[in-house]
Each structure stands twice: as C-alpha cells, then as structure tokens.
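Sending over a structure as structure tokens; questions will come in a sec.
The values are calculated or read from the model by the stated rules, or taken from the named source; none is laboratory data. The model shown is predicted, which means the values in this text are computed figures rather than measured ones. Glycine gets a Cβ as well: all are built from the backbone with ideal geometry, and neighbour counts include every protein chain shown.
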Amino acid sequence: MKMQLKLVVPVIALSALLVACGEKETGGIKPEVYTDSLFAVMKADRTNYTKLIVKRLGPKGAGVIKPDEHWQDMENGAPLPAQMFRAGAEGVAELTDNFTYSLQSLWPVNKQNAPRTELEKQGLQYIVDNPGENFYGEETLGDVTYFTAVYPDVAVAEPCVACHNNHKDTPRTDFKLGDVMGGVVIRVPL
C-alpha cells in the first residue's frame, strides 16, 4: 500500500496545483489542459517504470525479482506496467472523485481493460488511426456529463511487445515497438 500511495501523490499534487492555478488566474482550467497535464505525469511514470525497472529485469528477472502477471503469488514478483498503472488508478479513486483514469485497449489481454462506452471505443479507434493525436469528447453517464480524453499508450520497450504478443489470452500477436497498444482514458465530471 505504501508503494501505491507514493505513486499517487504526484498525480494528486499536480491535480490540486492545476485546479488552484486555473481558478486564481482564469476562473477555471480547460478540461483539455487538465487532462493533458494529468496524462503527462501518468505517461512519465509508466514509461519510467517500464524502462527503468521492468526492462532491466527482463522476462526472467535479474536473478531475484521477476516481473510477472501473477506477481502477488510469487515470493519475489513485481507487477507488470499495466498492473502498476491500475494500482495507481485505484489509489486515486480512493482519494478523489475529481477525475478517473484507466488503461484500455481494442485488443485487451485482460478483458476488464476493454472499452465499455461508445465514446471510449471511438476514442481508442481514433488514436490508432491518427498516430500521435489525442481524442477528446463529452459523454453523459447516468446523470453526469463527463469530459473524456483518450491518449495513445505506445509500446516503449521490447518486454511490452513480447508480453502482449505471446500472452495466452492476447487477441493480437503482431505488435512492434512504437505501436499504439491501447489508450489511457481520463474522465472528468463537468
């Protein structure tokens, strides 16, 4: 739990700073600026964990720690990047309802990471069809209208590609470095 909190604190701090700055200077911050800023922190943390930890350990681990989907069942297991991302999202959800985020894919290895709304599907397809671009839209869920942003989640290291291409539950086996493998969906109530 301590590890989750350490990863969540920078996101919450950035969120509070952006809201405070926006309210003081402009009467509010644009949803695009808010979600773009949140995504910048998420992307940096995810990329660094993948490149600095998981890539260095490799698929067999560095003799001691092994990144693995079932890391909790192991004595010296480490969570995969997607699992770290989900842990952060769950930690944020316990601390605030100012935004939510999730990692989703049109080709999810884990079915819980499939898009659930039409806007999520549209956004994920958009970022695949338009490399380097983000997707923004609004949707009403229940009686709340949300600003929903979808950002490309790109394969940044060979272990990402190998894991997704070789996983027993993968619906796609041809990912390459630099491919959009899914997207980060950030939702903010308006």
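Let's see how each residue does on (1) modelled with pLDDT of 95 or more; (2) under 24 Å from Asp174 (Cα atoms); (3) touching a helix residue (DSSP H, G or I) at 6+ places or on another chain (Cβ under 7 Å); (4) surrounded by fewer than 19 Cβ atoms within 10 Å (Cβ to Cβ):
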position	(1), (2), (3), (4)
Thr117	yes, no, no, yes
Glu120	yes, yes, no, no
Gln125	yes, yes, no, yes
Val150	yes, yes, yes, no
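Please go through the stretch 152-182 and give me each residue that is surrounded by fewer than 13 Cβ atoms within 10 Å (Cβ to Cβ) and touching a residue at least 12 places away in the same chain (Cβ under 8 Å), ordered by number.
Asp169, Lys176, Leu177, Gly178
Exactly one of (1) modelled with pLDDT of 95 or more; (2) of a type in the set (Val, Ile, Thr); (3) surrounded by fewer than 17 Cβ atoms within 10 Å (Cβ to Cβ) is unmet by Thr47. Its number?
Evaluating Thr47 over (1) modelled with pLDDT of 95 or more; (2) of a type in the set (Val, Ile, Thr); (3) surrounded by fewer than 17 Cβ atoms within 10 Å (Cβ to Cβ) leaves (1) as the failure.
Which pairs have Cβ atoms under 9 Å, sit 6 or more apart or on different chains, and link a residue in the stretch 83-100 that is farther than 13 Å from Ile186 by Cα and of a type in the set (Gly, Ala, Ser) to one that is part of a loop (DSSP other than H, G, I, E, B) and at pLDDT below 85?
Within 9 Å, the pairs are Ala87/Pro79; Gly91/Met1.
Restricting to the stretch 8-43, what's the tally of residues that are out of contact with any Pro (no Cβ under 9 Å at 6 or more places or on another chain) and at pLDDT 80 or above?
15
While we're here: All but one of (1) at positive phi; (2) at pLDDT 70 or above hold for Gly58, so report the exception by its number.
(2) is the only condition that Gly58 fails.
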